[in-house]
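J.: Before I ask anything, let me first share the structure, which is written out below as structure tokens.
Values quoted throughout were computed directly from the atomic coordinates according to the rules given, and no laboratory measurement underlies them. What you are looking at is a predicted structure, and each value in this text was computed from that prediction instead of being measured. Here Cβ is always computed from backbone atoms with ideal geometry, including for glycine, and neighbour counts include all displayed protein chains.
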Amino acid sequence: MLTKRIIPCLDIKDGRTVKGTNFVNLRDAGDPVELGAIYAEQGADELVFLDITATVDNRKTLIDLVRNVARHVNIPFTVGGGISSIEDVSALLNAGADKVSINSSAVRRPELIDELALNFGSQCIIVAIDTRFVEGEHIVHTHGGRKPTELRTIAWAKEVEDRGAGEILLTSMDTDGTKAGFANELTSIISANSSIPIIASGGAGTMEHFYDVFTEGKADAGLAASIFHFKEIDIIDLKTYLKEKGVAIRL
Amino acid sequence: MKTVIIKYNAGNVQSVMYALDRIGVNYLWTDDETEIRSADRVIFPGVGEASTAMSYLREKGLDKVIPSLTQPVLGTCVGMQLMCRHSEENDTTCMGIFDIDVKRFQSSEYKVPHVGWNNIYNFKNGLTEGLNENSFMYFVHSYYAELSPYTVATCDYVQPFSAMLQKDNFYAAQFHTEISGKEGQRIIENFLKV
């Protein structure tokens, strides 16, 4: 049976993980390669590396990092942050990334999704959507959720699928950082409307939140950052819990 | 031992190369017939669309070279599909090493593509030696090879389909061995030992 995926997200700045981590057995808490390998060992189903710096110098650092991760990690991983052209994607895939995630650049120029899907195949193109509930409507935001756009989230999710996105990474700015649970209602609407997988993000605080997002939210994957980095939730414990509750999980 | 990865217009062979690096195997990435024929092991990877891949193989004459190889050959993902007779993806005539067809998943209930980790079972050859039945592998595909006498591992999505095929020296896996954790790596290692 196809299993639900648990995906730790690592924020990268200048080639290092930021926000810190709580791994006692890490020699260097900032090393994304080592952290990624530990997560893979613990049973993470995929990894997402989000580059939060996007200058030219840092792109080179990022490419070196991707190469290094690909050498050491034997599960699929996605790279996101500041990707806006075929050249960017080509460089990352050639360095060994399995998928890329685009966000603001797709909002700015939606045709980019079509071009990337045509050049590289839908399977490696994730469109990230940051959404916030504003005056009764779900609105797409960019710039880390700070800047509202004209786009309605549900319609945009359908459009990115039609243009060839292979997966959607849906982050609710309303729940992100709250640790009060994922945006299950919106996630379930978008999941029911699409034939591509939905990765839910934002709001994970307990193991039950993952159960809820897979059942009520109908998500195909759940993504989280700090709860894994600070060991508030252990990946093996989480996956064992979900399996015992009857969720299809790889253990 | 000489291992060759067949070079064609399939995307992202880098993870296959890194997987071989992790095992500690040297390889050559080439479309040269002499190099391919003289290899001890041939890996035929694949990410992409079937008809584009087949026209490239025809252009290079590789559509004749690959089926005539006598050493162990391992095709993965689209590589496996191209080793079948025909693919519904843009109505493509493939190499016909396995005389079975590749069809598109049809379902209103299941999402297509099939993306993520799924269990494989009913093992019938040496490539899965050391693996537990129902080991999980990473899949990304919209088309599948039907069950057949060549099926040596099965997976269920919409319906049971061929996760792995074998006929004589030709081996194939629908999933991505190179990013399927330790279990995927074990399959590559087993292939290098057959």
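J.: Extension gain A:Thr215-A:Arg16, at 0.36 nm per residue separation less the Cα-Cα distance, in nm? Please list the in-between numbers first.
T.: On the way: separation 199, 0.36 × 199 = 71.64 nm, distance 3.47 nm.
Taking A:Thr215 through A:Arg16 to full extension adds about 68.2 nm, to one decimal.
J.: Amide H to amide H under 5 Å from A:Phe49: which residues, 5+ apart in sequence or cross-chain, H placed 1.01 Å off N in plane?
T.: Sorted by chain and number, the residues that satisfy this are A:Leu10, A:Thr78, A:Val79, A:Gly80.
J.: If the chain between A:Glu115 and A:Ile236 were fully stretched, how many nm would it gain, using 0.36 nm times the residue separation less the Cα-Cα distance?
T.: 39.7 nm is the gain from fully extending A:Glu115 to A:Ile236.
J.: Can I ask one more? So which GluC sites (Glu not before Pro) in region A:115-147 are both in a DSSP loop and have at most 11 other Cβ atoms within 10 Å of their Cβ? Working shown, then result.
T.: Values: sites: A:Glu115, A:Glu135, A:Glu137; in loops: A:Glu135.
Counting only loop positions with at most 11 other Cβ atoms within 10 Å, the GluC sites (Glu not before Pro) in region A:115-147 are A:Glu135.
J.: Given points 7 Å out from each Cα along the Cα-Cβ axis, report the B:Ser142 to A:Arg71 separation in nanometres with one decimal.
T.: Reported label-point gap for B:Ser142 and A:Arg71 is 3.6 nm.
J.: Quick one: dipole size for region B:3-193, taken about the Cα centre, charges +1 on Lys/Arg Cβ and -1 on Asp/Glu Cβ, in debye to the nearest 20. Don't jump to the answer; show the numbers that get you there.
T.: Working: 16 positive and 23 negative charges, 43 e Å.
The dipole magnitude comes to about 200 debye.
J.: Can you give the local net charge around A:Tyr211? Use residues other than it whose beta-carbon is closer than 11 angstrom to its beta-carbon, Lys and Arg +1, Asp and Glu -1.
T.: Charge balance near A:Tyr211 sits at -1.
J.: For all pairs of alpha-carbon atoms in chain A, what percent lies in each bin of width 10 Å, listed from the first bin to the last filled one?
T.: Taking all Cα pairs of chain A, the binned fractions are 8, 33, 39, 19, 1 percent.
J.: Let me ask another. First measure r as the distance between the Cβ atoms of A:Ala155 and B:Glu59, then evaluate 1/(1 + (r/R0)^6) with R0 = 45 Å and state the FRET efficiency to the nearest 0.05.
T.: 0.60
J.: Of all beta bridges DSSP finds with both residues in region B:3-193, what is the antiparallel percent, to the nearest 5?
T.: 60 percent
J.: While we're on this one: Between B:Lys182 and A:Asn193, with labels modelled 7 Å along Cα→Cβ, what's the label distance in nm to one decimal, could you check?
T.: Reported label-point gap for B:Lys182 and A:Asn193 is 4.3 nm.
J.: Sequence gap of 8 or more, or different chains, plus Cα separation below 15 Å: how many lysine pairs satisfy both in region A:5-245?
T.: 4
J.: If only Cα atoms are counted, what is the Rg of the protein assembly as shown, and what is its Dmax, in Å?
T.: 21.1, 68
J.: Counting other C-beta atoms within 10 Å, and keeping those with at most 14, which DSSP coil trypsin sites (Lys or Arg not before Pro) do you find in region A:214-251?
T.: Here the sparse-neighbourhood loop sites are A:Lys231, A:Lys245.
J.: How do A:Ser191, B:Ser107 line up, fewest other C-beta atoms within 10 Å first?
T.: Lowest count first: B:Ser107, A:Ser191.
J.: Mind checking region A:177-251 for GluC sites (Glu not before Pro) that DSSP puts in a loop (not H, G, I, E or B) and that have at most 15 other Cβ atoms within 10 Å?
T.: A:Glu216, A:Glu232
J.: With a Förster radius of 51 Å, plug the Cβ-Cβ distance of B:Gln159 and A:Glu185 into 1/(1 + (r/R0)^6) and report the FRET value to the nearest 0.05. Show your work: numbers first, answer last.
T.: Numbers: r = 32 Å, r/R0 = 0.63.
Rounded to the nearest 0.05, the efficiency is 0.95.
J.: If you don't mind, another one. Tell me the mean residue ellipticity at 222 nm calculated for chain B from its helices only (DSSP H runs of n ≥ 4, each -39500 (n - 2.57), averaged over every residue, nearest 500).
T.: My calculation for chain B gives -6500 deg cm²/dmol from helical runs alone.
J.: Find how much the distance from A:Glu208 to A:Glu41 grows on full extension, using 0.36 nm per residue of separation minus their present alpha carbon separation; answer in nm with one decimal. Mind dumping the intermediate values first?
T.: Values: separation 167, 0.36 × 167 = 60.12 nm, distance 2.28 nm.
Using 0.36 nm per residue and subtracting the Cα-Cα distance, I get 57.8 nm.
J.: Can you list the lysines whose alpha carbon is less than 27 Å from that of B:Lys167, not counting same-chain residues fewer than 8 positions off?
T.: B:Lys2, B:Lys7, B:Lys60, B:Lys64, B:Lys103, B:Lys124, B:Lys182, B:Lys193
J.: When DSSP beta bridges are limited to those with both residues in chain A, what percentage is antiparallel, rounded to the nearest 5?
T.: Around 25 percent antiparallel, to the nearest 5.
J.: Report the Cα-based extents of region B:3-193 along its three principal axes, largest first, to the nearest Å.
T.: 47, 37, 28
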